[in-house]
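Chemist: Questions regarding the structure given below will be posed in turn.
The values are calculated or read from the model by the stated rules, or taken from the named source; none is laboratory data. Model, not experiment: these values are computed from the prediction. Glycine gets a Cβ as well: all are built from the backbone with ideal geometry, and neighbour counts include every protein chain shown. Heads up: the accessible areas ignore ligands, DNA and RNA and are worked out on the full protein's heavy atoms, side chains in. Shrake-Rupley method; radii C 1.70, N 1.55, O 1.52, S 1.80 Å.
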Amino acid sequence: IEKLLPDSPSLLVQLAQKQYQSEEHAKVRGLLLDRVEDLILKTELPADERYRLRGSVFALREDYPKAIENYSRAVKLRSQDVVWRYEFAILLQQQGLLDDAHEQAKWCARLAPRNRKYRELLLQIHEIRLR
């Protein structure tokens, strides 16, 4: 991984999320995430990016409390980043934290009102909360 792939933590996280998400790829995903954690320690990154990357890594490792803690910090530091809020809302929803997920989804819908994906997430969370 170190020899073949670039030293880009965000690219490696995307690769782990999109190409190696299934259980059959758990070992490769783990190696990618190990590399990301190593790069986070060795690379000068702004705090907000570091927290978001760590949140992604923890989520992929299924350490959800740490993932939520790191995403929360990232979103506080970069409050206008709608993509990060969307990822955070999905994570919160998956963990059954519907009130918090709803709050993040509302922010997404406010920050990007024309984005259908954000409005649909907000509606989905709202409907689940009503049940």
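Chemist: So is residue 80 more than 22 Å from residue 128 (Cβ to Cβ), among the polar types (S, T, N, Q) and either touching a helix residue (DSSP H, G or I) at 6+ places or on another chain (Cβ under 9 Å) or exposed (fewer than 15 other Cβ atoms within 10 Å of the Cβ) (or both) or not?
Modeler: Yes.
Chemist: Another question, then. Going residue by residue through the range 37-55, is there one that turns out to be of a type in the set (Phe, Trp, Tyr), over 22 Å from residue 17 (Cα atoms) and assigned to a helix (DSSP H, G or I)?
Modeler: No, the range 37-55 contains no residue that is of a type in the set (Phe, Trp, Tyr), over 22 Å from residue 17 (Cα atoms) and assigned to a helix (DSSP H, G or I).
Chemist: Between 93, 124, which is open to solvent by 60 Å² or more (accessible area, probe 1.4 Å) and modelled with pLDDT of 95 or more?
Modeler: Step by step, each of 93, 124 is checked, and only 124 is open to solvent by 60 Å² or more (accessible area, probe 1.4 Å) and modelled with pLDDT of 95 or more.
Chemist: Of the numbered conditions (1) in a helix (DSSP H, G or I); (2) under 22 Å from residue 37 (Cα atoms), residue 62 fails exactly one; give the number of that condition.
Modeler: The number of the failed condition is (1).
Chemist: Considering only the range 51-64, I want to know if a residue exists there that is of a type in the set (Asp, Glu), open to solvent by 30 Å² or more (accessible area, probe 1.4 Å) and in contact (Cβ under 8 Å) with a residue 12 or more places away in the chain.
Modeler: Among the residues of the range 51-64, not one is of a type in the set (Asp, Glu), open to solvent by 30 Å² or more (accessible area, probe 1.4 Å) and in contact (Cβ under 8 Å) with a residue 12 or more places away in the chain, which makes the answer no.
Chemist: Something else now. Of all the residues that make up the range 75-131, how many are under 21 Å from residue 14 (Cβ atoms) and part of a loop (DSSP other than H, G, I, E, B)?
Modeler: 4
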